[in-house]
Structure formats: C-alpha cells, structure tokens
1. Mind listing whichever residues of the range 112-166 are outside any helix (DSSP H, G or I), modelled with pLDDT under 65, out of contact with any Ser or Thr (no Cβ under 7 Å at 6 or more places or on another chain) and not small (Gly, Ala, Ser)?
2. Considering only residues that are surrounded by 11 or more Cβ atoms within 10 Å (Cβ to Cβ), charged (D, E, K, R) and assigned to a helix (DSSP H, G or I), which ones fall in the range 64-111?
3. List every residue pair whose Cβ atoms lie under 7 Å apart, where the two residues are 6 or more positions apart in sequence or sit on different chains, the first residue falls within the range 91-111 and is within 14 Å of residue 33 (Cβ to Cβ) and in contact (Cβ under 8 Å) with a residue 40 or more places away in the chain, and the second residue, located anywhere, is among the basic types (Lys, Arg) and surrounded by 11 or more Cβ atoms within 10 Å (Cβ to Cβ).
4. Considering only the range 23-63, state which residues are of a type in the set (S, T, N, Q) and surrounded by 12 or more Cβ atoms within 10 Å (Cβ to Cβ).
5. Looking only at the range 86-128, which residues are aliphatic (A, V, I, L, M) and farther than 30 Å from residue 25 by Cα?
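The values are calculated or read from the model by the stated rules, or taken from the named source; none is laboratory data. Fair warning: this is a prediction, and the values are worked out from it, not measured in the lab. Counting neighbours? That spans all protein chains shown, and the Cβs are built from the backbone with ideal geometry, glycine included.
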Amino acid sequence: MTTAGQVAVAAGAAVMVSQPSMAERVENLIAIIGTLGEVLRQEIVVVNSRQSASFAPLLERKETLAQSYAEQIKAMSADRARAGGLEPGLAARLQAAGETFRAVVHENARVLEVAKTVNERFFKAVGDAVALKKRPVTGYSKTGAYTGVSDPGTAAASPVALDRAV
C-alpha cells in the first residue's frame, strides 16, 4: 500500500510516482489562473476589435485552461486533508492571483454581454427592415384605387440567420 504516491506500471515493473505537494498544486493553479486571465484579456481585445477570425483559437485555449483549472481545484479539494497549511507568501500570491483573475473575468463577461446585445440589436434591426421592405404598401393610388391589405400581419415573413457565436 502506498500513501505517499501512486504506483504506475512502466515496462512491466512497478514504479513509484509521487503526487505533487499542495504547494506545487497551488503554484500550478497560480500559473493556470495567470494564463487563463491572459487569454481572457486577449478575448476582450478580439471582441472589441471585431476580429472574429481570431476568436476560435482563443475559445479552444480558454476551454482547455478552464478544464485544467477545474481539475486542479478538484485535486486540491481531494488532497486538502494532507495539505496542512500553506506558507503565508504562497497563500498571499494565490489570493492576489484570484483577485486579479476575478476582475478580468468580470470585465470579459461585461464585454461579451455588450457584444451580444449589440449583435442582437443589429440583427433585430435588419430583420425589421427586411420585414418592412417586404410589407405591401397600403393606401390609395393616384387614381384612388385601394392598393394593398389593411392588415400588416399578413405580409410574408423573411428568414434571417443569426450568428450566436458571441
């Protein structure tokens, strides 16, 4: 039975593989938070500059880092009993990284919400303009003849494709 690590099988022989210490896990978490924060900052720049072609690679990177973050948090939670206390300097670095990360996440969410609202308003305006253009003109002609239907709801609807990638 191994308590200090786990056993891995390599080339048919049992090899002891030690688990990272809590301090190493915290260092990894700080690095992940920093990298994820940088990706979110890049995403803010891409959204603000409307460079949609640059968005997909950032999304992939963000998803990978978010998964690593979740795995690191899960491993730390499972290992909390063995952890003891963190060195005060490391705990302070983790807290500072967390506060910086929360600020970046908040700004990223705000920018994405604004972009989403702008896109929704744009597509609604386009859809309304297309529907208005397709609506038959009602009223009377120069000769006094009635020219259309009185119910604007009977005009044909026009399909509009929406891009929900924001």
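1. Selection gives 151, 159, 160, 162, 163, 164, 166.
2. 71, 82, 93, 102, 107, 110, listed by residue number.
3. Between residues of the range 91-111 that are within 14 Å of residue 33 (Cβ to Cβ) and in contact (Cβ under 8 Å) with a residue 40 or more places away in the chain and residues that are among the basic types (Lys, Arg) and surrounded by 11 or more Cβ atoms within 10 Å (Cβ to Cβ), the close pairs are 104/41.
4. Those that are of a type in the set (S, T, N, Q) and surrounded by 12 or more Cβ atoms within 10 Å (Cβ to Cβ): 28, 35, 42, 52, 54.
5. Correct list: 111, 112, 114, 115, 118, 125, 126.
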